[in-house]
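Novice: Take this structure, written in structure tokens, and hold onto it; I'll ask about it next.
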Amino acid sequence: MSRKAPRGDIDESELSVSAAEDHAAGPTAVGVSLKRAVEEMGVRRAAQTLLKLNQADGFDCQGCAWPDPSPEHRHTAEFCENGVKAVSEEATRRRAGREFFAAHPIEELHDRTDYWLGRQGRITEPMVLRPGASHYEPISWDEAFALIAKHLNGLDSPDQAVFYTSGKVSNEAAFVYQLFVRAYGTNNLPDCSNMCHESTSVGLAEVIGIGKASVTFEDVDHAKLLVIAGQNPGTNHPRMLSALEEAKRNGAKIIAINPLKEAGLVRFKNPQTPRGMVGHGTGMADLHLPVRINGDLALFQAIASLLLEWGHLDHDFIEQHTYGFEAYAEHLRGLDWDLVLASTGLSRDQIEQAARMIATSRKTVYCWAMGLVQHRNGVANVKEISNLAFLQGNIGKPGAGLFPVRGHSNVQGDRTMGIWERPPAHFLDALRDEFGFEPPREDGYDAVAAVKAFRDGRAKVFFGLGGNFVAAMSDTIVTENALRQADLTVQVSTKPNRSHVVHGREALILPPLGRSEKDIKGGRSQRVTVEDSLCSVHASQGPLEPASDQLRSEVDIVCSLAVATLGDTHDIPWTEFKDDYRQIRRRIGRVVPGCAGYEEKVDEPGGFVLPHPPRDTRTFTTDKDRAIFTVSPTEVLHVPEGRLLLQTMRSHDQFNTTIYGLDDRYRGIKGGRRVVLVNPRDIDTHQLRDGQYVDIVSETDDGCTRTAPRFRVVSYDTPRGCAAAYYPETNCLVSLDAKAVGSHQPAYKSIVVRLVPATPDAPGVGRPEGTATGEPVDDGAETKRHVAPQHLS
Ligand SMILES: Nc1nc2c(c(=O)[nH]1)N[C@H]1C(S)=C(S)[C@@H](COP(=O)(O)OP(=O)(O)OC[C@H]3O[C@@H](n4cnc5c(=O)[nH]c(N)nc54)[C@H](O)[C@@H]3O)O[C@H]1N2
Ligand SMILES: Nc1nc2c(c(=O)[nH]1)N[C@H]1C(S)=C(S)[C@@H](COP(=O)(O)OP(=O)(O)OC[C@H]3O[C@@H](n4cnc5c(=O)[nH]c(N)nc54)[C@H](O)[C@@H]3O)O[C@H]1N2
Ligand code: SF4
Ligand SMILES: [Mo]
């Protein structure tokens, strides 16, 4: 058994652990940013790029979907450490050209981690893997489009094709993509949102009529209280800390609800201020509630029951704007506090403290991210935090509202543009009226359903516009085996990743321009548009020369594919679209609600804000034409004896499946990623040792055990019974059927696991014995075992 890391790949024996940090950003962040920028881009290119990042005349950061302040409030350096990492990753000088693919057979690439693959640099030309071939080889764009068209036109039904989207795709590319897919004849448009804020979209749509945040940037500034639940802004939305600092300066308080004491929610050293660079910085959370994983629903209900008991309600709002209050109040009156304490792991005193802060705030903003939604009851969690806001009328008034903080920089915009497997009828009607064809009306596959369709042979062609589907999805081994059944897999990707090495019978990689790059078409420099977490739409234009002269924009790729596949069967001017994006925006203005006059509106510096009825006028377009209180049962997620509840999260040195580096600085983990954070008392009761190597084993309803081998146990301040590890290494533990009720979002954050001492107890990288293929091992016992190879990261 190999215990040495492949050359240049992750060597977990280098892993070191120190105490978690008590603040985010500060001078270290500036140092790390500059170092990363210069290493990847060189000094000149780094300066050229960063001065345009998040500026009104520049390009939108490829990192998260945190909004920009209005143009007059922007700094010259309007970005964070992780924004610099995101840009550096794209604007790197490294190249994975044809020589790279010629030098590395697919078999070798298959054993590499996503970290190593990503570090090889930008892909420079289209590549194809012919049936049975050992290497990817160059192919012309025209030949590539013809090959895809041949496959698509050869299917028995358009529903045998699946078109995935990741949330970096611009509004223009997203619009033409969904148009092409529907003109081709299917709604199979799963996206990263299915794994991300799907529970938010479903839950909010039900209770307020729209699945988006109800606040503005100013509301955050003027809030008196911010409740931040299941979110780690110091790492994942770092500029949010500046907004929180500003709010605190205006007198706001913060409650953090999180199993972990995340550094960014303890203290922030703002690099834009002297106090942040040399002083103590700003204290963030006034109260941290170290809730047990999945204890939020019970916590929100307990707080609500106290508000009810103490009479801190906005009766006018409840009466005029809500439905279902009585049933909800009835449920709260009967709340079982024993269940609450068991579920939350908190004391009554801690909960009362939070309730008092909420009771006395007249303007509260509720923020959340993955910690609330990636659970079986993710939709119920979203509805429950909404209940809490409704009780005090904290929606549709200044300084208050619901704020799901989105992930990918344009994930929200892609949905607005129609990337959705369950499109509403009015959107399809508008497409029909504008383009003169009848779009398919049946719902398509979401991410989980798409995997099942490949697994069961119902789908044959996978097309991914960005992202890294196989690595991001749950149930890695099942997902990989499913995608291997495909006739053709196509990935539109900037850099090599796992979805290229887990491929169908034939495979293509199509390299697009990145957002930081100039996009010249028809002699004119084209801009694109994006939407942030606060429904603000603005333009983005890259300043850099493209990584290769072979790259094509995503708009071009989609329109060219449409021409190759559909010919002139539809009256859609694909070539005009591809040569002049204003023509696309004109159509967006006519089809997408709230986008009339799109071109003129995005001409404004800073763009425009899409309408949001609850935010703007307290109008709720729900079934009841009111905000709806809902009743969800109070539950405790049952964790059998000897097991722990595992959440899978991001380190400070990754963007989803793109691993930038191996340091999770704020949590004190350096030089490796295969760690499992466990409460010290659980380490004792489970008869483990700090630093010991264990296999993480999950047992799921399908009777299988799933194993992620060789993780180092790290003693960490997390609630009893709870553990944490990084994604995507642990995705193999989440069964496809572990998903949220109502939204089908994988339950990545509540996995019941046990930790089994690994043998031999030594560090290293390599495949564990007997699991080379990653196939389920049927060892004759009642259950099947899925053991993931260790390189799955
Ligand atoms: N640098 C960087 N930025 C990113 C990303 C990235 O990978 N890297 N990814 C982007 C994307 S796509 C997204 S969706 C966002 C994700 O942003 P986050 O949602 O902040 O990301 P996670 O790391 O998944 O962390 C979730 C937080 O929830 C907590 N948590 C886990 N389980 C529970 C629970 O049951 N209850 C509560 N209350 N808390 C819980 C965890 O301790 C952690 O602090 O970030 C975006 N921004
Ligand atoms: N266990 C666990 N699993 C999770 C999560 C979790 O918290 N825990 N989080 C989930 C969430 S919130 C999300 S959003 C998904 C993420 O799922 P995805 O969006 O599918 O994954 P990413 O890692 O963001 O995609 C990275 C790849 O995108 C390509 N890329 C980068 N920039 C561009 C570009 O400009 N254009 C194109 N065409 N390609 C580009 C690169 O080739 C890179 O390898 O993962 C989900 N999976
Ligand atoms: S907060 Fe998000 S969008 Fe802003 S610079 Fe940082 S990574 Fe980019
Ligand atoms: Mo996400």
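Taken together, the values in this text are just the output of simple stated rules run on the coordinates, not laboratory data. Keep in mind that this is a model prediction, so the values were computed, not measured. Here the Cβ is made from the backbone with ideal geometry for all residues, glycine too, and neighbour counts use every protein chain on show.
Novice: For region 198-407, what proportion of DSSP beta bridges, expressed in % and rounded to the nearest 5, is antiparallel?
Specialist: Rounded to the nearest five, the antiparallel share is 10 percent.
Novice: May I ask you to derive the relative contact order of region 198-407, considering only C-alpha pairs under 8 Å and at least 6 residues apart, and to give it as an integer percent?
Specialist: After rounding, I find 33 percent.
Novice: Considering only Cα-Cα distances, which of the following residue pairs are longer than 30 Å: Lys52/Lys383; Lys52/Lys495; Lys52/Lys749; Lys150/Lys578; Lys670/Lys749?
Specialist: Going by Cα-Cα distance, Lys52/Lys383; Lys52/Lys749 fall outside the 30 Å limit.
Novice: Tell me, what is the percent relative contact order of the chain, built from C-alpha pairs under 8 Å that lie six or more residues apart?
Specialist: Averaging sequence separation for qualifying contacts and normalising by length gives 21 percent for the chain.
Novice: Please work out, to two decimal places, the log10 of the ratio I(q)/I(0) at q = 0.09, 0.16 Å⁻¹ from a Debye calculation in which every Cα of region 533-642 carries one identical scatterer.
Specialist: With one equal scatterer per Cα and no solvent, log10 I(q)/I(0) is -0.49, -0.93.
Novice: Identify all aspartates and glutamates with a Cα-Cα distance to Lys35 below 15 Å; exclude those on the same chain that are fewer than 8 residues away in sequence.
Specialist: Hits, sequence-local ones excluded: Glu81, Glu89, Asp653, Asp663.
Novice: Could you name the lysines in cross-link range of Lys248, using Cα to Cα under 20 Å and dropping any fewer than eight places away on the same chain?
Specialist: Lys224, Lys261, Lys269, Lys363, Lys397
Novice: Continuing with this model, one more query. Students often forget the sequence filter, so: which aspartates and glutamates lie under 12 Å Cα-Cα from Lys521 once same-chain residues fewer than 8 apart are removed?
Specialist: Within reach: Asp556, Glu576, Asp579, Asp580.
Novice: Pulled fully out, how much extra length does the chain show between Ser18 and Gln550, if you take 0.36 nm times their separation in residues and subtract their Cα-Cα distance?
Specialist: Result: 187.0 nm gained on full extension.
Novice: Can you put Ser199, Ser386 in order of Cβ neighbours within 10 angstrom, beginning with the fewest?
Specialist: Lowest to highest Cβ neighbour count: Ser386, Ser199.
Novice: For every helix of n ≥ 4 consecutive DSSP H residues, a contribution of -39,500 (n - 2.57) applies; sum these over the chain, divide by its total residues, and give [θ] at 222 nm rounded to the nearest 500 deg cm²/dmol.
Specialist: The helix contribution divided over the chain gives -9500 deg cm²/dmol.
Novice: Now a separate question. In what sequence do Leu179, Leu308, Leu637 fall when counting other Cβ within 10 Å, fewest first?
Specialist: Taking fewest neighbouring Cβ atoms as first place, the list is Leu308, Leu637, Leu179.
Novice: Bin width 10 Å, alpha-carbon pairs only: give the P(r) of region 198-407 as whole percents, running from 0 to the bin holding the largest distance.
Specialist: Reading the bins upward from 0: 9, 37, 39, 13, 2, 0.
Novice: Suppose we keep just the DSSP beta bridges with both residues in the chain; what percent of those would be antiparallel, to 5? Working shown, then result.
Specialist: On the way: 40 of 94 bridges.
Here the share of antiparallel DSSP bridges comes out near 45 percent.
Novice: So, by mean Cβ neighbours within 10 angstrom, what's the order for 98-111, 617-630 with the highest one leading?
Specialist: 617-630, 98-111
Novice: Fewest first, what order do Tyr136, Tyr693 take by the number of other Cβ atoms within 10 Å?
Specialist: The most exposed by this proxy come first: Tyr693, Tyr136.
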